[in-house]
Amino acid sequence: MNCPFCDFADLRMRVHRHLLETHLDRVVTEHDEATGKMKYVIACPVCGLRYQHAVKPRYRDAGFLDEFKGEIGLVAFDQLLYHLDEQHPIQAGRPDTADAAAATASDQSPP
Ligand SMILES: [Zn+2]
Ligand SMILES: [Zn+2]
């Protein structure tokens, strides 16, 4: 599949690693001082949808969060790749998905 942020294209697991190594800055962590809650946000580069997920309380310490940003990125990018697969198969570089859709459409009429 394709990296949604650049021209990199490879197997899903390699794209996943590439995202972690190259685009970790796309995962933004937000800290609400008032509630002490923390979350990470990853925005889909195709449709702009923002995936948010609360970070476990043990991540509250800001230094700790930096340390574990890689771990958070792992989950966030997995979510993003899943979203791309589901919502943007063409942008994700999945021509097989388009074939499957065509096959499903032709199922309507008998052979
Ligand atoms: Zn990339
Ligand atoms: Zn999207």
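Readers should treat all values here as calculations from the given coordinates under stated rules, not as data from a laboratory. What you are looking at is a predicted structure, and each value in this text was computed from that prediction instead of being measured. Here Cβ is always computed from backbone atoms with ideal geometry, including for glycine, and neighbour counts include all displayed protein chains.
Numerical summary
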{"quantity": "Amide H within-cut-off set for Gly93, under 5 Å, with H built and near neighbours excluded", "calculated": "Asn2"}
{"quantity": "Radius of gyration, Dmax [segment 12-91; alpha carbons; angstrom]", "calculated": "13.1, 42"}
{"quantity": "For segment 70-85, Karplus couplings with θ = phi - 60° (6.51, -1.76, 1.60), whole Hz, Gly/Pro x", "calculated": "x, 5, 5, x, 3, 6, 4, 6, 4, 5, 5, 4, 4, 4, 4, 4"}
{"quantity": "Cβ-Cβ FRET estimate between Glu86 and Asp10, R0 fixed at 35 Å, reported to 0.05", "calculated": "0.95"}
{"quantity": "Gain on full stretching of the segment that runs from Glu67 to Cys47 - 0.36 nm per residue minus C-alpha separation", "calculated": "4.2 nm"}
